[in-house]
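Inspection log for the structure reproduced underneath, given as structure tokens.
The values are calculated or read from the model by the stated rules, or taken from the named source; none is laboratory data. What you are looking at is a predicted structure, and each value in this text was computed from that prediction instead of being measured. Neighbour counts run over all protein chains shown; Cβ positions are idealised from the backbone, glycine included.
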Amino acid sequence: MSAGRETSGFVVGEAPLTCERLVAAARNATSFSLAPAVQERIREARQAVDRILSGDAPVYGINTGVGSQKEHKVSADEAAAYNRRLIRGHGTRVPGPTAEPDVVRATIIVLLHELASGSSGASLELIELMAEMASAHEMPNIDTSGSIGASDLVPLSQIADWALSHPKAVEQGLPFPKDALAMINCNALSLASGALCITELSELMRGFDLAAAMTMEGFRCNLDAISEPVNSVHRRQGQARSAARMREALADSVLWQPGAARFLQDPLSFRDAGQVNGAGLECATWLEQVWNDELAGTVINPLVNIGPNPAYSHGNMDTTRMTLALDGMRQALAKMADLAGERVHKQQWPAFSGLPIGLAEADSAVGGVQFLNLGHITASLITSVKIWAQPHLLHPSGQVADGVEDTASNAVHAVHELARQIDACWKIIGLEIAVACWAVHRRRIPVADLGAGLRTLYDNCIATLPIGHEGEEVFRLAETIAAVRDFVSETATPGSQVTQ
């Protein structure tokens, strides 16, 4: 979390948690509190837990062990020590990547909402402590491994151990019975890290559309494929939005004039940009809806105070729906990246472009985009994006907890791969736009002849390219990518919804 974040308070229970609200809170909120109605629900649920503790009937995770040890009773005088040892026992540290501070804070906020749902059975003291810990200046180092998508047990236990080591928690004697399991038996890390990715997808989708539009200028495409008549004869909402964004970027381009296109019909990677990007846009829309549904609910097991029974054991922590949406999104990004790569190569291929090989100066052994290895770099990134697109839902996880946990959906793994894809896709978008701008420059097309929505982007990007002095010093693509991302961010529609 940046030191200069805006001061704001976040009230838990004031409104349903969504990707947009979660990310804003993780980055900007400096205090967290509970709505009065939430506090009342917490007290009522805790009374249900107290009734269970005063009886003899075994209830999972409240007066018994967990997982494969669920048949073992935990007595009242053992409960405090058991709950603390459960946290530390499940929090085994694994060498490897740790979560970024924004991810950890977002995870705590999701966990706070789960605990405060009124059916978690967690104590008010614990939930008030977690509200305080959500605004802590320093976040703990949390391992990103250890989850198979049936509750993020290991990373959440590490967060719980950090919170319960706070002097206030020690003074109050936390955790109380049910507190420990409530803190770790949900998918808070998967949801938090996924929400941060999802809120970036809106700009990434726009970036792919802008890259395709700039390529259409550099290639001198036939714009019939994105025209309004062509996109009015189907019900593909994503394609319609994608094509409309390309038309907006290409407004007032000379390519709309009769005879401006070089070919009667362009390769499919050009003609299908709206269809493929639009399909990705629809996947992103569904993914965000799935995430908002999950963020607004609770999956802690067991649930209490929700019906005639004292507690309900269940499988709501299953992440099949989440992983299914993630798998579709990652495959869509791989397809979008694949087409971007085809367009990158076609632009520097004389048989297609009509320009010198590699967009170099004519009859020169030096210069051009291939001289800078931009084609190889693009191909390498696309390979990575495709590898990370492999479906995760059906990957076996083995018989966990002595066969009690015999299925899992690998949501946290799918989120990790999506984050890697997003980073690589920004680089691919930057490369496609760089090559397209290079082609525009080679064709000596006046900036005023480009689409009105691309002129500033062209000026910003062309200034970063070493045209005419390739190889005199190492080209730093980061400057081009930064120019692209800044432009996309500045011109994006406010709000996180990818439908906008």
* Structure fact -> The condition of being assigned to a helix (DSSP H, G or I), within 31 Å of the chain's Cα centre (by Cα) and surrounded by 14 or more Cβ atoms within 10 Å (Cβ to Cβ) holds, among R46, R84, R88, only for R88
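Given V344, V385, V412, V369, which one is out of contact with any His (no Cβ under 8 Å at 6 or more places or on another chain), surrounded by 21 or more Cβ atoms within 10 Å (Cβ to Cβ) and within 30 Å of P177 (Cα to Cα)?
V412 is the lone residue from the list that is out of contact with any His (no Cβ under 8 Å at 6 or more places or on another chain), surrounded by 21 or more Cβ atoms within 10 Å (Cβ to Cβ) and within 30 Å of P177 (Cα to Cα).
Residue-by-condition table, conditions (1) at pLDDT 90 or above; (2) within 24 Å of S409 (Cβ to Cβ); (3) of a type outside the set (S, T, N, Q):
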position: D293; (1), (2), (3): yes, yes, yes
position: P302; (1), (2), (3): no, yes, yes
position: G307; (1), (2), (3): no, no, yes
position: Y312; (1), (2), (3): no, yes, yes
position: A325; (1), (2), (3): yes, yes, yes
position: R330; (1), (2), (3): yes, yes, yes
position: A334; (1), (2), (3): yes, yes, yes
position: D338; (1), (2), (3): yes, no, yes
position: K346; (1), (2), (3): yes, no, yes
* Asked: How many of the residues in region 116-173 are free of Cβ contacts under 8 Å to residues at least 40 places away in the same chain, more than 26 Å from A35 (Cβ to Cβ) and outside any helix (DSSP H, G or I)?
  -> 3
* **Matching residues, region 111-126, being over 16 Å from L303 (Cα atoms) and crowded, with 24+ Cβ neighbours inside 10 Å** => L126
* Considering region 301-314 alone, what residues qualify as being free of Cβ contacts under 8 Å to residues at least 60 places away in the same chain and outside any loop (DSSP other than H, G, I, E, B)? -> Y312
* Condition test on A79, is it surrounded by 13 or more Cβ atoms within 10 Å (Cβ to Cβ) and touching a Pro at 6+ places or on another chain (Cβ under 9 Å)? -> yes
